[in-house]
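Nothing in this text is a laboratory measurement; each read-out follows from the coordinates by a stated rule. Please read all numbers here as calculations on a predicted model, not as lab measurements. Ideal geometry is used to build each Cβ from the backbone, glycine not excepted, and the neighbour counts take in all protein chains shown.
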Amino acid sequence: MKNKFTLLIVLLVLFFVGSSCTYDKDVLFQYSILNSLYAGNYDGKIGFDTLGKKGNFGIGTFDKLDGEMIYLNGTFYQVKSDGKVYSVKKSAKCPFAQVSFFSPQISFAVPSKMSISNLIAFIGSKIASKNLFYAVKITGEFEYVKARSVPPQEKPYPPLTEVIKNQSIFELKDLKGTLVGYRYPDYIGGINSPGYHFHFLDDSKTSGGHVLDLTIKSGTVFIDGTNKLYMELPADI
């Protein structure tokens, strides 16, 4: 029943998006679905040159699952399993991503030192509706960031749950940086992960990754909400 419900959501999203004749910039663009990535579909199919036309902000991964993608202020960054940040060629390919044109509607300060759970609860108290999609950017000073990345995979690709067992963990302390991420509503399971998903990039652009835990000392939260999701699927999903 769950798989049928997920398929219904996919079809409804594609139907309503397909009925539009023009591309709306106030929309969250997603390439592929999370269940496909979990199943081991890591071949990059969409070019970053094309992805870059869909927004200036976002997160995702790379061909063969080679690291974590951070898209900030119109520039793509790649955090590989060595923990270092690399520039991204326009010819590179991506198997899964979410991007948007970031135009924050509200912003507010982080009032005190917070854990990741407290920070998420605080942001949740500020958003207008739990049923919308939100791009979230947080700039600030971080006491601690626990991040991860994974190495490139070889065929036959293992499922994502197996890949994560060999992830590289980075424990970053006392640094300034930016969280780039999204909040998906609870009903979106299968298409993406409900709740918050953040990637981190430090201000020197030398470290980062997929966020597992953090403590923020001070900062500012910027939020851009939309009720529109445009999804494009690989032909062989």
Extension gain (nm, one decimal) between LEU132 and LYS93, 0.36 nm per residue minus Cα-Cα: 11.2 nm
Residues THR139, THR50, sorted so that the one with the fewest Cβ neighbours within 10 Å comes first: THR50, THR139
The range 83-125-the range 173-237 distance, computed between alpha-carbon centres (Å): 4 Å
Burial ordering of SER81, SER117, fewest other beta-carbon atoms within 10 Å first: SER117, SER81
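Among the trypsin sites (Lys or Arg not before Pro) within the range 55-125, which fall in a DSSP loop and have no more than 12 other Cβ atoms within 10 Å of their own Cβ?
Loop-located and lightly packed - LYS89, LYS90.
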Choice from SER115, SER107, SER91 with maximal GNM fluctuation in the chain (Cα, 10 Å cutoff): SER91
Relative contact order for the range 106-226, counting Cα pairs under 8 Å that sit 6 or more residues apart, in percent: 44 percent
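Considering only the other residues whose Cβ falls under 12 Å of the Cβ of PHE142, what net charge follows from Lys and Arg at +1 and Asp and Glu at -1?
-2
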Cross-link pairs LYS25/LYS113; LYS25/LYS165; LYS93/LYS205; LYS90/LYS126; LYS93/LYS217; LYS84/LYS137 - those with Cα-Cα distance over 32 Å: LYS25/LYS113; LYS25/LYS165; LYS90/LYS126; LYS93/LYS217
Surrounding net charge for ASP24, when Lys and Arg each add one and Asp and Glu each subtract one, Cβ distance under 12 Å: +2
The range 100-160: GluC sites (Glu not before Pro) falling in loop per DSSP and having at most 13 other Cβ within 10 Å: GLU154
Fluctuation leader among ILE191, ILE106, ILE33 - the chain, Gaussian network, Cα springs under 10 angstrom: ILE106
Ellipticity estimate at 222 nm from DSSP helix runs (n ≥ 4, -39,500 (n - 2.57)) divided over the chain, nearest 500: -4500 deg cm²/dmol
Mean Cα-pair separation over length for the chain, i.e. relative contact order, pairs under 8 Å, 6 or more apart, %: 29 percent
